[in-house]
Amino acid sequence: MNPVLRLIAAAMIAAGVAAAGFFVGNGLERFRMSDRSVTVKGLAEKDVESDFAVWTLAFRRAGADFNGVQQALVADRVSVLAFLKERGFSVEELQVRPLQVQDLLAREYAQGNVPFRFNGTGQVLVKTARVEVVEKAALALDPLIQAGVQLDNEGPAGGPRYQLRGFNDAKAPLLALATRNAREQAEKFAAQAGARLGSLKSANQGVIRITGDDGSDFDDGSSRGKRLRVVSTFEYELR
């Protein structure tokens with residue numbers, strides 16, 4: 001090969017390697033010389049507090065007598081309501097579900113060797129924007145247990161579920177941060193490439209993920225703190 005051509009080829013390879021390293025290290029997704037544009041990704045994360053809580057306090061009883069099970073559930077419901085009112089919850093924040101008592105021998109495919117014929121359940125729901133009060137009350141259930149209330153912690157009754165109902169209010173500043181992050185990367189690349197950053201050609205907001213602040217990959221509602229994360233994609237002209 002001609003020595004001059006060999007030098008040109010080597011220079012092109014070196015430039016390509018250097019550019020690849022820049023792409024990886026700076027979040028650059030795509031660079032096209034043909035139409036002089038650059039595509040970058042902007043990352044933004046923000047920790048926020050939940051603004052609403054739904055807490056299901058479920059309790060159960062079992063026995064051989066229907067009336068006995070029902071009366072025990074009524075007493076448990078009174079104890080649960082008294083506990084919640086002592087913790088500062090108002091009537092408007094409480095929702096009482098109907099009691100349910102099931103005859104296990106009346107079911108299809110019922111077996112006659114069940115230890116207790118009747119199984120009953122009850123629920124009291126707390127729905128409130130006072131998430132800090134819910135969190136404290138959920139950690140102070142000892143009086144109910146000492147009173148003999150058999151709490152059911154399975155399913156949605158496993159503890160308070162914290163929500164972010166003001167999501168749209170937190171969304172705008174998060175996207176603005178991602179946009180600034182992407183533009184900074186694009187400007188840095190343009191400066192190193194000896195070009196000027198032009199107008200925005202296209203933008204993809206991306207999907208905003210909500211996770212718990214406990215390191216989990218998804219939000220199951222058990223965490224009062226939430227982490228919002230978004231990766232947005234932008235394409236800019238280069239001049």
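Quick notes on this one:
- Protection-proxy order for peptides 92-101, 184-193, 48-57, each taking the mean of Cβ atoms within 10 Å per residue, highest first: 48-57, 184-193, 92-101
- Taking the centroid of alpha carbons for each part, the range 34-63 and the range 125-152 are 24 Å apart.
- Rg and Dmax of the range 92-239, based on Cα coordinates, read 26.1, 85 Å.
- For the range 167-239, the calculated P(r) over all alpha carbon pairs, in 5 Å bins from 0 to the bin holding the longest distance, is 3, 15, 20, 17, 15, 11, 8, 7, 3, 1, 0 percent.
- Pairwise FRET efficiency - Gln100 versus Arg229, Cβ, R0 = 45 Å, nearest 0.05: 0.65
- Viscosity 1.567 mPa s, temperature 4 °C, Stokes-Einstein D of the range 77-121 from Kirkwood C-alpha radius, µm²/s: 98 µm²/s
- Take each peptide in 169-175, 40-46, count the other Cβ atoms within 10 Å of every residue, and average; sorted highest first, the result is 40-46, 169-175.
- Rolling a 1.4 Å probe across the protein heavy atoms gives the range 81-170 an accessible surface of 63 Å² per residue.
- Distant-in-sequence amide contacts of Gly198, defined by a placed amide H-H separation under 5 Å and a gap of 5 or more residues or a different chain, comprise Glu237, Leu238, Arg239.
- Residues of the range 167-190 with amide N under 11 Å of a point placed 7 Å along Cα→Cβ from Leu200: 175-183
The values are calculated or read from the model by the stated rules, or taken from the named source; none is laboratory data. Keep in mind that this is a model prediction, so the values were computed, not measured. Using ideal geometry, Cβ is built from the backbone for each residue, glycine included, and neighbour counts are taken over all protein chains shown. Just the protein is used for accessible areas: all its heavy atoms, side chains included, with ligands, DNA and RNA removed. Shrake-Rupley method; radii C 1.70, N 1.55, O 1.52, S 1.80 Å.
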